[in-house]
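Chemist: Below is one structure. I have some questions about it.
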Amino acid sequence: MSSSHGGTTAFDRLRARLDGQPHVCEACGFVDEAGEWEAATTGGTVEYRRECPSCGTETVRRHRL
Ligand SMILES: [Zn+2]
């Protein structure tokens, strides 16, 4: 795999997609429009985490790169 579109990687695209929309907490329904995902890569997988500011529930999204 190579980046042939002006240096935009799959990683950047995923992050932009997640950051571009408000997150609704699955536990309490709180809509968090300001928070950011914390990204961490492990091998071929990127993991995004964020914590609900209302109830503290952590949401994790995993994507294969
Ligand atoms: Zn919550």
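Chemist: Residue pairs, Cβ under 7 Å, 6 or more apart or interchain, first in the stretch 21-43 and farther than 19 Å from THR9 by Cα, second open to solvent by 70 Å² or more (accessible area, probe 1.4 Å) and among the charged types (D, E, K, R). List them.
Modeler: Hits for this filter: PRO22/GLU33.
Chemist: Let me ask you something else. With the requirement that a residue be of a type in the set (A, V, I, L, M) and within 16 Å of the ligand (Cβ to nearest atom), what does the stretch 11-32 give you?
Modeler: VAL24, ALA27, VAL31
Chemist: So, one more: Where residues in the stretch 4-20 are at pLDDT below 80 and open to solvent by 70 Å² or more (accessible area, probe 1.4 Å), which of them is farthest from ARG50 (Cα to Cα)?
Modeler: Across the stretch 4-20, the extreme among qualifying residues is SER4.
Chemist: Then there's this: Take GLU26 and tell me if it is under 11 Å from the mean Cα position of the chain (by Cα) and loosely packed, with under 14 Cβ neighbours inside 10 Å.
Modeler: So GLU26 fails the test.
Chemist: Sticking with this structure for a sec: Looking only at the stretch 35-56, count how many residues are among the hydrophobic types (A, V, I, L, M, F, W, C) and more than 14 Å from the ligand (Cβ to nearest atom).
Modeler: Qualifying residue count for the region: 4.
Chemist: Which residues, counting only those in the stretch 44-65, are of a type outside the set (A, V, I, L, M, F, W, C) and over 14 Å from ALA10 (Cα atoms)?
Modeler: Across the stretch 44-65, the qualifying residues are ARG49, ARG50, GLU51, PRO53, SER54, GLY56, THR57, GLU58, THR59, ARG61.
The values are calculated or read from the model by the stated rules, or taken from the named source; none is laboratory data. Source: prediction; values computed, not measured. Positions of Cβ are generated from backbone atoms using ideal geometry, with glycine treated the same way; all protein chains shown enter the neighbour counts. Note: accessible area is taken over every heavy atom of the protein model, side chains too, but ligands, DNA and RNA are not part of it. Shrake-Rupley method; radii C 1.70, N 1.55, O 1.52, S 1.80 Å.
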